[in-house]
Amino acid sequence: MGVDIVDAVLNTYRKLPKRAHPGVRPNGSLEWSILAGFVIEYNGIFECVAIGIGVKCLSAIKIPLQGDMVHDCHAEILAKRAFIRYLLNEMMNINKGDQSRYLTLQEGKYRLNEGVKLHMYISALPCGDASMIYTADHQNDDEAALYSAIPSLSGASNEHTDLVRGRMNYSRVGAIRTKPGRADASSTSSLSCSDKLATLCLLGVQGGLLANIIDPIYIDKIIIGGVFDNREKYLSECHRALYTRLEASLSGCVPDTKYRFHKPDISFTDTPYEHSKEQVESRAAGVDVQPAIECANYIANDIQKPTEIVVSGLKNGNFKRKGPDTPYFWKYRSRLCKLDIMRAYMSLNANPGPSNLTYYDVKNTAGSSDYRQVKGAIRSHPSLFAGWIITDKKYTMFDCEGNHRL
Ligand SMILES: [Zn+2]
């Protein structure tokens, strides 16, 4: 099932430059990663339009005030952000008078053409709720003792107690969780991929900025790799984690807008991803195996540079700021950071408004009030997601030049 979707992503992945793939560290350790991709289906053709590769997430203290780093570099999130840039590129092409195969501009709003479907492939179960039981079933005794003995911890900046850190207390199914899963890693304020993906079933993948100019875009099929035993059991975990728990907790509480629950069709694939942890371990023959340090993203319609490498939240590596308040120079920024997504979005409009507009201002405009209402419902009682860590407003108060304005 879903072979066309998986093949579209894996075939595109295999053509990427070698550096986008997990490699060999200087000490000889072999690296593995997770791959996620978005595929558009139209007229029987499956095109992979956006890819994310990565397993890293910056700790909460590294979130910049300038919006100029990508702090969540898990594959699913990179793929989602790459898809948003894909949409922005299509919109720019339309504005230039070119045709888009999948989008049309009508009365100031863009829309997906009739019959266009969006699918997602992920090479492993998403971190957080969807993978808790699977991980518990497949971990060794030492790991089991570590993760079951420690009581749940709240996120550092979160006052609610319903939020569980990483893989702590793994028997608590249905809980919202932060990244990462490692007990010894410093804490992040990013929610797990299971939690973020679940909200997309209601909010759509276009995000809050594009909600101003396009109707919600939902994922039709999610195909997951790396699960070869007890599939029935793990599939029901996925259904709960990626859809049902949100729908059940919000029953009757979603404002009546164009945003509706859209249940994705979830299934597993037999096709292995050659750089998954299990595949790399099976070839390692005693060599140490580690998660990849570098992350990557691919955008099909970025003709100049379809592939970008992201390390520590920046393009191609670790750089120092000139001053604590100075934004990173554009060369160092990933095209997926908030600042560059905002700049691309602003460039769509011939009259973008005053230059002191902040990311916060641009997001909070009338065109996306439905989106914000629905997001508000997701984050409020009785929603399961009422414990969601809300990004402090100060992290959204940067302008188009990356200057902080608070
Ligand atoms: Zn994840």
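Looking at the structure I just gave you, is Tyr134 at pLDDT below 85, of a type in the set (Ser, Thr, Tyr) and surrounded by fewer than 22 Cβ atoms within 10 Å (Cβ to Cβ)?
no
Cβ contacts < 6 Å: first residue touching a residue at least 12 places away in the same chain (Cβ under 8 Å), restricted to the stretch 65-82; second residue basic (Lys, Arg) and within 11 Å of the ligand (Cβ to nearest atom), any location; separation 6+ or different chain. Result?
Cys73/Lys56
Any idea which residue in the stretch 361-406 is farthest from Leu339 (Cα to Cα), counting only those that are at pLDDT below 90, in a helix (DSSP H, G or I) and in contact with a strand residue (DSSP E or B) (Cβ under 8 Å, 6 or more places away or on another chain)?
Residue satisfying both the conditions and the ranking: Leu384.
Of the numbered conditions (1) under 22 Å from the mean Cα position of the chain (by Cα); (2) touching a residue at least 60 places away in the same chain (Cβ under 8 Å); (3) surrounded by fewer than 16 Cβ atoms within 10 Å (Cβ to Cβ), Asn318 fails exactly one; give the number of that condition.
All conditions pass for Asn318, except number (2).
Report, by residue number, each residue of the stretch 103-145 that is farther than 26 Å from Leu242 by Cα and of a type in the set (Phe, Trp, Tyr).
Listed by number, the list holds a single entry, Tyr110.
Pick from the stretch 65-89 the residues that are surrounded by fewer than 23 Cβ atoms within 10 Å (Cβ to Cβ) and over 17 Å from the mean Cα position of the chain (by Cα): which of them is nearest to Ala20 (Cα to Cα)?
Among residues in the stretch 65-89 that are surrounded by fewer than 23 Cβ atoms within 10 Å (Cβ to Cβ) and over 17 Å from the mean Cα position of the chain (by Cα), the one nearest to Ala20 (Cα to Cα) is Asn89.
What residue, among those in the stretch 41-59 that are small (Gly, Ala, Ser) and within 16 Å of the ligand (Cβ to nearest atom), is farthest from Pro22 (Cα to Cα)?
Taking the candidates together, the pick is Ser59.
I need the full set of residues from the stretch 77-95 which are under 14 Å from Leu118 (Cβ atoms) and touching a strand residue (DSSP E or B) at 6+ places or on another chain (Cβ under 6 Å), in order please.
Ala79, Ala82, Phe83, Tyr86, Glu90
Being more than 30 Å from Asn403 (Cα to Cα), part of a loop (DSSP other than H, G, I, E, B) and modelled with pLDDT of 95 or more, is that true of even one residue in the stretch 47-61?
No.
Read through the list (1) part of a loop (DSSP other than H, G, I, E, B); (2) within 16 Å of the ligand (Cβ to nearest atom); (3) more than 24 Å from Tyr42 (Cβ to Cβ); (4) not aromatic (Phe, Trp, Tyr), then give the number of the only condition that Asp256 fails.
That leaves (2) as the condition not met.
Can you name every residue in the stretch 62-74 that is assigned to a strand (DSSP E or B) and either among the acidic types (Asp, Glu) or more than 16 Å from the ligand (Cβ to nearest atom) (or both)?
Hit for the stretch 62-74 is Asp72, nothing else.
Could you say whether any residue in the stretch 16-28 is basic (Lys, Arg) and within 25 Å of Asn301 (Cβ to Cβ)?
There is at least one residue in the stretch 16-28 that is basic (Lys, Arg) and within 25 Å of Asn301 (Cβ to Cβ).
Would it be correct to say that Leu88 is within 16 Å of the ligand (Cβ to nearest atom) and touching a residue at least 12 places away in the same chain (Cβ under 8 Å)?
Considered against the rule, which asks whether it is within 16 Å of the ligand (Cβ to nearest atom) and touching a residue at least 12 places away in the same chain (Cβ under 8 Å), Leu88 comes out as no.
Which condition from (1) surrounded by 14 or more Cβ atoms within 10 Å (Cβ to Cβ); (2) touching a residue at least 12 places away in the same chain (Cβ under 8 Å) is the one that Asp361 breaks?
Unmet condition: (2).
Looking at Glu31 and the list (1) more than 30 Å from Leu406 (Cβ to Cβ); (2) outside any helix (DSSP H, G or I); (3) within 16 Å of the ligand (Cβ to nearest atom); (4) touching a Gly at 6+ places or on another chain (Cβ under 6 Å), which single condition is not satisfied?
With (1) more than 30 Å from Leu406 (Cβ to Cβ); (2) outside any helix (DSSP H, G or I); (3) within 16 Å of the ligand (Cβ to nearest atom); (4) touching a Gly at 6+ places or on another chain (Cβ under 6 Å) applied to Glu31, the lone miss is (3).
Can you list the helices (runs of 4 or more DSSP H) found entirely within the stretch 179-252 that contain at least 3 residues being modelled with pLDDT of 95 or more and over 19 Å from the mean Cα position of the chain (by Cα)?
231-239
Using the structure shown, decide if Val55 is β-branched (Val, Ile, Thr) and more than 15 Å from Val310 (Cβ to Cβ).
No; evaluated as a whole, the condition is false for this residue.
The values are calculated or read from the model by the stated rules, or taken from the named source; none is laboratory data. What you are looking at is a predicted structure, and each value in this text was computed from that prediction instead of being measured. Every residue, glycine as well, gets a Cβ built from its backbone with ideal geometry; the counts of neighbours run over all protein chains shown.
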